[in-house]
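Peer 1: First the structure, which I've put down as C-alpha cells, then a few questions once you've had a look.
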Amino acid sequence: MKYKPGFAAALLALTAWGGAHAAAVATRPDAFVAVKGMQFVRHGQPYYIAGTNLWYGGYLGAATSVGQRARLLEELDRMKALGINNLRVLAVSEKTAMKSAVSPATTAAPGQYDEDLLKGLDFLLAEMAKRDMTAVLYLNNFWQWSGGMTQYLSWFTGSPAHDPNVSKDYERYMAENARFYTNAAAQDEYRRVIAHIVKRVNTVTGKSYREDPVIMSWQLANEPRPGNSRATPAEKAAYVKWIAGTARYIRSLDARHMVSTGSEGLAGSSEDAQLFLDAHRTPDIAYLTYHLWPTNWGWFDPKRPQETWAGMMDKTRRYLSVHIDYAKQLGKPIVLEEFGLNRDGGAFDRASPTQVRDRFYGEVFGLVQERAAAGDPVAGWNFWAWGGAGRAANADYWWRPGNDFVGDPPQEEQGLYSVFDSDASTLGLIRQSAQRLHGLTPRRLK
Ligand code: IFL
C-alpha cells in the first residue's frame, strides 16, 4: 500500500509564501547552532537535539513524480508535535548501476546535477525553518545505498561500483572504498559537489545556504570508515587527513556553520580509540558523532531476545559511556546521531509489535538524558529512522523505484529499523524523551 495524501495537500498551495519574505529578514548570528564550551547553543540558550534521520527528506520535497510534498508537510508536522527539532538528511546521491541504491540521484555523472531533486532539498529546508527545526546535511556516503564513495571510485577508476549486497563481501567492500580518500580525481569531484551545495541559493526562500541557520551542520559523509576491520596505519592516517582537509575546505567556503564527520565511533574506527579521537581533534570539526547498532554489530539477535538482551545492554551502556568520555577528553559536544533495533522477532511488517525496541529506546534515551543532565558534553540524539506514513510496497520488503521511501534505505528491507506513524508506543516514548531533553534547555550556560 502506498502513502495517501491527506489534509496537508490542501495547504500545499499556501507554501509558496516563504520566498521573498524569509530572504528579507536579516539573520541574527546567534540563530546559527554553535558550540560554546562543550555544549550546543542557539539564541543564547543551550540547544539539545531530539532528532531523527530522514535521509529521503529532499526526495519527498521534489515537485516531480519522485516527490511527495503533501506527505512531507504532514511528516514534519507530526515530528514537530513530538518535539523533534533536528533532522539528519542526505544532501547528495550519485547515480549508479547498483540495485541496492536509490534512484534517481542528485548527481547523474560528474558535474551533472538534477536540479529538480535539489529543489526538493530547498523545499525541505524551507519547511523545516518554518517549524524551527535544524538540519544536518551529509555530503557523501560510505555505504552503497546512495551511490556514495564506491560510485565516485567507479567514475574515476572505470571499475564497476562494488555492491556488497551482491558480493556479500563487506570486508572487501570497505577496504576498496577507503581508496576514495586518496583518489585525487574523486577528491576533486567531491569538493566540486561540496562547493555546489554549500554555495547554493535556496530557490524557495531566496536565502543562500551559507546564510541559512536552518542548517546546523555540514557532514562529510554517512558513516565514513578508514577501511575494513583490519585498516592499516597508512589507511588510518589517510582517513584522518581526509577529515581534517575536507572540514577545512568546507569552513573556507562557509565559516558560519559547524562541520561534523558522520562517524559511527569505535565501531567505524577499527575499534581504535586513538583514531576516533584523532578524527575529531581538528578545530574544523565542531563536535563528535557516534552511532549504535547492536544487531548489525552482532551484539543482539532479535530471534533470541531473552538470551542476548543482557549482554547487548552491557555493551550498549559501555559504548555510550566511553564515547561521552572521549568527547570530554576533546572538550567538544557529542551527538548520538543514529541508533536502532529490530521490531520484535526481526519482523519487517509495521503491524508487528515493538516491545523490545521500545525497551531499548527507553534505555538509550535514559542514559543519554542522565549524562546530559549531569553536565556532560551530550548534545542529544537522532534515532534511526523516521518511516512515518511511508509503506512498504512489496511482499519481500525491498524498495523499488517509484515505491514510498521509508527510514530504511534501499540496501535494507523496508521496516527493518523504521519507526512508522502507526508505532504508537515508540512515538509516545520519543515524545516523552524529547520533552525531557528540551527540559534541560533553561539551564544557564556555564
Ligand atoms: O541503513 C543503515 C545506514 O546506512 C546507516 N547505519 C546503519 C543503518 C541500519 O543498518 O547509516
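Peer 1: Over the C-alpha atoms of the stretch 288-446, what are the Rg and the largest Cα-to-Cα span, Dmax, in Å?
Peer 2: 16.4, 54
Peer 1: Right, something else. Hey, what's the per residue convex hull volume over the C-alpha atoms of the stretch 362-446, in cubic angstrom?
Peer 2: Each residue corresponds to 117 Å³ of Cα convex hull volume.
Peer 1: Now a separate question. Residue by residue through the stretch 205-219, what is 3J(HN,Hα) from phi via Karplus (6.51 cos²θ - 1.76 cosθ + 1.60, θ = phi - 60°)? Round to whole Hz and write x for glycine and proline.
Peer 2: Result, rounded to whole Hz: 9, x, 8, 6, 3, 4, 9, 10, x, 5, 7, 8, 7, 7, 10.
Peer 1: Let me ask another. Over the chain, what relative contact order in percent results from Cα pairs under 8 Å that are six or more residues apart? Let's see the in-between values first.
Peer 2: Details: 912 pairs, mean separation 84.0, N = 446.
Result for the chain is 19 percent.
Peer 1: If you don't mind, another one. Using 0.36 nm times the number of residues separating ALA185 and ALA31, minus their current alpha carbon distance, what extension gain do you get?
Peer 2: Working: separation 154, 0.36 × 154 = 55.44 nm, distance 3.67 nm.
Additional length available on full extension: 51.8 nm.
Peer 1: What does the charge dipole of the stretch 325-446 about its Cα centre add up to, to the nearest 20 debye, if the Cβ of each Lys and Arg holds +1 and the Cβ of each Asp and Glu holds -1?
Peer 2: Value, rounded to 20: 720 debye.
Peer 1: Heavy-atom accessible area per residue, the chain, 1.4 Å probe: how many Å²?
Peer 2: 37
Peer 1: I need the shape label for the stretch 56-141. Rule: rounded when a/c is under 1.5, else prolate if a/b > b/c, else oblate, with a, b, c from the alpha carbon gyration tensor.
Peer 2: prolate
Peer 1: Another one. Using only the alpha-carbon atoms of the chain as identical scatterers, what base-10 log of I(q)/I(0) does the Debye formula give at q = 0.09 Å⁻¹?
Peer 2: Rounded to two decimals, the profile gives -0.52.
Peer 1: Set the bar at 22 Å for Cα to Cα. Now go through LYS130/LYS332; LYS168/LYS315; LYS199/LYS236; LYS241/LYS332 and name every pair that lies beyond it.
Peer 2: Pairs exceeding the cut-off: LYS130/LYS332; LYS168/LYS315; LYS199/LYS236.
Peer 1: Now a separate question. Mean residue ellipticity at 222 nm from the helices of the chain, using -39,500 (n - 2.57) per DSSP H segment of n ≥ 4 over the full residue count, to the nearest 500 deg cm²/dmol? Walk me through the intermediate numbers first.
Peer 2: Working: 14 runs with 172 residues, N = 446.
Helix contribution divided over all residues of the chain: -12000 deg cm²/dmol.
Peer 1: Right, another one. Based on C-alpha coordinates, I'd like the Rg and Dmax of the stretch 191-249, in Å.
Peer 2: Rg and Dmax of the stretch 191-249, Cα atoms, are 15.3, 47 Å.
Peer 1: How much of the DSSP beta bridge set in the stretch 32-180 is antiparallel, as a percent to the nearest 5? Working shown, then result.
Peer 2: Values: 7 of 16 bridges.
For the stretch 32-180, the DSSP antiparallel bridge percentage is about 45.
Peer 1: Explain nothing, just the number: dipole magnitude of the stretch 86-200 about its Cα centre with +1 on each Lys and Arg Cβ and -1 on each Asp and Glu Cβ, in debye rounded to the nearest 20.
Peer 2: It works out to roughly 160 debye.
Peer 1: Out of the total accessible area of the stretch 238-348 (probe 1.4 Å, heavy atoms of protein only), what percent is carbon and sulfur?
Peer 2: Summing carbon and sulfur atoms, their accessible area is 50 percent of the total for the stretch 238-348.
Peer 1: Percent of alpha carbon pairs in the stretch 147-213 separated by more than 13 Å?
Peer 2: Roughly 68 percent, once rounded to a whole number.
Peer 1: So what does the Cα-only Debye profile of the stretch 100-235 read at q = 0.09, 0.19 Å⁻¹, as log10 I(q)/I(0), no solvent term?
Peer 2: Listed by q, the Debye log ratios stand at -0.30, -1.11.
Peer 1: What would the Debye equation give as log₁₀ I(q)/I(0) for the stretch 190-349 at q = 0.12, 0.19, 0.20, 0.21 Å⁻¹, counting only Cα atoms as equal point scatterers?
Peer 2: The calculated log intensity ratios at q = 0.12, 0.19, 0.20, 0.21 Å⁻¹ are -0.62, -1.14, -1.21, -1.27.
Peer 1: Please give the contour-minus-distance gain from GLU370 to ARG256: 0.36 nm per residue of separation, less the Cα-Cα distance, rounded to one decimal in nm. Write out the running numbers ahead of the final one.
Peer 2: Working: separation 114, 0.36 × 114 = 41.04 nm, distance 3.06 nm.
Here the segment from GLU370 to ARG256 would lengthen by 38.0 nm.
Peer 1: Let me ask something additional. Beyond 16 Å, what percent of the Cα pairs of the stretch 259-357 remain?
Peer 2: Looking at the stretch 259-357, the distances longer than 16 Å represent 58 percent of pairs.
Peer 1: Here is a follow-up. Rounded to the nearest 5, what % of DSSP beta bridges with both residues in the chain are antiparallel?
Peer 2: The antiparallel proportion sits near 20 percent.
Peer 1: Which one of SER154, TYR190, SER103 has its Cα pushed farthest toward the positive end of the charge dipole of the stretch 100-228, where Lys and Arg give +1 and Asp and Glu give -1 at the Cβ?
Peer 2: Farthest towards the positive end: TYR190.
Peer 1: Let me ask you something else. Given H placed on each backbone N at 1.01 Å, which residues far from PHE339 in sequence or on other chains put an amide H within less than 5 Å of it?
Peer 2: Placed amide hydrogens put LEU292, TRP384 under 5 Å from PHE339.
Peer 1: For the stretch 37-50, what does the Karplus curve 6.51 cos²θ - 1.76 cosθ + 1.60, with θ = phi - 60°, yield as ³J(HN,Hα) per residue in whole Hz, taken in order and with x for Gly and Pro?
Peer 2: Once θ is set to phi - 60°, the couplings for the stretch 37-50 become x, 10, 10, 7, 10, 8, 6, x, 10, x, 10, 9, 9, 10 Hz.
Peer 1: Each residue of the stretch 110-123 in turn: what ³J(HN,Hα) in whole Hz from Karplus with 6.51, -1.76, 1.60 and θ = phi - 60°, glycine and Pro shown as x?
Peer 2: x, x, 10, 9, 8, 4, 4, 5, 5, 5, x, 5, 4, 5
Peer 1: Over the stretch 321-408, what per residue volume does the convex hull of the Cα atoms give, in whole Å³? Write out the running numbers ahead of the final one.
Peer 2: On the way: hull volume 10.5 nm³, N = 88.
Looking at the stretch 321-408, the number lands at 119 Å³ per residue.
Peer 1: Extending each Cα 7 Å along its Cβ direction at ALA395 and ASP344, get the distance between those two points in nm, one decimal.
Peer 2: Once both label points are built, they end up 2.6 nm from each other.
Peer 1: Over the stretch 86-198, what percent of the accessible surface lies on carbon and sulfur atoms, probe 1.4 Å?
Peer 2: 51
Peer 1: Where nothing but the Cβ of Lys and Arg (+1) and of Asp and Glu (-1) is charged, how large is the charge dipole of the chain around its Cα centre, in debye to the nearest 20?
Peer 2: Working: 51 positive and 46 negative charges, 218 e Å.
The calculation lands at about 1040 debye.
The values are calculated or read from the model by the stated rules, or taken from the named source; none is laboratory data. Just so we're clear, the structure is a prediction, and the values are computed from it rather than from any experiment. Please note: Cβ atoms are built from the backbone with ideal geometry, for glycine as well, and neighbour counts cover all protein chains shown. Accessible surface areas use protein heavy atoms only, side chains included; no ligands, DNA or RNA. Shrake-Rupley method; radii C 1.70, N 1.55, O 1.52, S 1.80 Å.
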